[in-house]
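Each remark here refers to the structure printed beneath this line.
Computed from the coordinates by the stated procedures, all read-outs in this text should not be read as laboratory data. All values derive from a computational prediction rather than experimental measurement. Please note: Cβ atoms are built from the backbone with ideal geometry, for glycine as well, and neighbour counts cover all protein chains shown.
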Amino acid sequence: MYTSISDGIEGAPDGGDARERAFDERLDRALKIEPPDWMPDAYRKTLTRQISQHAHSEIVGMLPEGNWITRAPSLQRKVILLAKVQDEAGHGLYLYGAAESLGTSRDELVLALLSGKAKYSSIFNYPTLTWADVGAIGWLVDGAAIINQIPITRCSYGPYARAMVRICKEESFHQRQGFDIMWTLAHGTAEQHAMAQDALDRWWWPSVMMFGPPDSESTHNVQSLRWKIKLFTNDELRTKFIDQTVPQAEQLGLAIPDPDLRWNDETKHYDIGPIDWDEFYRVIGGNGPCNKDRLQARVDAWEDGAWVREAAAEHARKHGSDAA
Ligand code: BYC
């Protein structure tokens, strides 16, 4: 049976400290923290930040791929892409739900995105110029997402961990469909192969950057690891992604655009060339190739959808919340 951290502690003479001890003990025993539980304000704040940024990334992430729904090369590819983009919308909704359980309303979270205050993943500020980019996003971006997100299924906050279980299952399907597109192109005509290589050339480094700044520059790594919001550092996950993806590129017959890439027999990991962190900070600072377009698309969608929100609210007022 679920027992709240506050059970038997609230009102005790040293209530505050006892709650903090109970919270720490729960983390030590790998038990989940649930919405009614007492938690430090900073834990609540950092979780709300990360989960809402994650939700925004899913929603903004629909845009680059949505751009290709009308131009998918076959009916089958179109149906698969439609399903994938709809999955991303679902992921956004579970994640907004998890963030709301920490006490911030959905409207506040969305308005933080629309005002440019809240971040979303750097990766979605790059353009999708060809059909191969849809393959590269599935293969690399969803591949990176899985590596980042599987550990989150074991994070300390219950609603986030549970949302991530289903999301990861769907991301696995997304990664496979991306690899399948790349496989088809890489084994097609010389022109198609070149298109797949060009997509890899443009998406490789932004995908490597997705894991966040190097550990030496990460603001939240240490505390988030202590709180088990993160289970691995940015660099640990980045290394895992590179180790997993390089052999996949070899299978595809495509070249990773890094002349310094080589297997290191001592570390048992790949060594890579320098990452252009100036580019990363430019993109997360709002000056990537598509930042303005992405935000404008979300603002337009919010404004165009105002009548739906008003109609739903009116319906709920007239018929009670059950009918809403
Ligand atoms: N982009 O202290 P750090 C998807 C920010 S959805 C932008 O290491 P943290 C998918 C960071 O927020 C992919 N900003 O931060 C969807 C912080 O700034 P603030 C999204 C970034 O949070 C559709 C500052 O840099 N996945 O996969 O401990 C289709 C310092 O960083 C980025 C998630 O959100 C970035 N890449 O670690 C296909 C997963 N990286 O907030 C696919 C959950 C860092 O202090 N999130 N920043 O102003 C996480 O695991 C962590 O938040 C991160 C960053 C590893 C991303």
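Summary table
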{"quantity": "Convex hull (Cα only) mean projected area of segment 171-324, reported in nm² to one decimal", "calculated": "14.7"}
{"quantity": "Ranked list, fewest to most other Cβ atoms within 10 Å of each Cβ, for Asp198, Asp28", "calculated": "Asp28, Asp198"}
{"quantity": "By average C-beta atoms within 10 angstrom, highest first, the peptides 149-162, 217-230", "calculated": "149-162, 217-230"}
{"quantity": "Sorted by Cβ density within 10 Å, fewest first, the residues Lys117, Lys78", "calculated": "Lys117, Lys78"}
{"quantity": "Ranked by how many other beta carbons lie within 10 Å on average, peptides 123-129, 136-142 from highest", "calculated": "136-142, 123-129"}
{"quantity": "Under the Karplus curve 6.51 cos²θ - 1.76 cosθ + 1.60, θ = phi - 60°, whole-Hz ³J(HN,Hα) for segment 248-257, x wherever Gly or Pro sits", "calculated": "5, 4, 4, 4, 6, x, 10, 9, 5, x"}
{"quantity": "Likely footprinting exposure, Lys45, Lys268, Lys240, fewest C-beta neighbours within 10 Å first", "calculated": "Lys268, Lys45, Lys240"}
{"quantity": "Choice from Ala132, Ala311, Ala297 showing the highest fluctuation, given a GNM over the chain with Cα pairs closer than 10 Å", "calculated": "Ala311"}
{"quantity": "Test item: Cα-centred dipole of segment 189-307, Lys/Arg +1 and Asp/Glu -1 on Cβ, debye", "calculated": "560"}
{"quantity": "Mean ellipticity per residue at 222 nm, deg cm²/dmol - from DSSP H runs of n ≥ 4 across the chain, formula -39500 (n - 2.57)", "calculated": "-19500 deg cm²/dmol"}
{"quantity": "D (Stokes-Einstein, µm²/s), Kirkwood Cα radius, the chain, 0.890 mPa s at 25 °C", "calculated": "114"}
{"quantity": "³J(HN,Hα) computed for each position of segment 54-71 - Karplus, 6.51 cos²θ - 1.76 cosθ + 1.60, integer Hz, glycine/proline x", "calculated": "5, 4, 4, 5, 5, 6, 5, x, 6, 5, x, 7, x, 4, 10, 4, 6, 10"}
{"quantity": "Amide H within-cut-off set for His269, under 5 Å, with H built and near neighbours excluded", "calculated": "Asn264"}
{"quantity": "Spatially close lysines, pair count over segment 166-321: Cα under 27 Å, gap of eight or more or interchain", "calculated": "8"}
{"quantity": "Computed Rg/Rh of segment 263-324, alpha carbon atoms with Kirkwood Rh", "calculated": "1.44"}
{"quantity": "Segment 309-318 - phi-based ³J(HN,Hα) in whole Hz, Karplus 6.51/-1.76/1.60, Gly and Pro as x", "calculated": "5, 5, 5, 5, 5, 5, 4, 5, 4, 6"}
{"quantity": "Cα centroid separation - segment 240-302 against segment 106-182, whole Å", "calculated": "14"}
{"quantity": "Farthest toward positive dipole pole in segment 20-78 [+1 Lys/Arg, -1 Asp/Glu at C-beta], among Phe23, Gln50, Gly61", "calculated": "Gly61"}
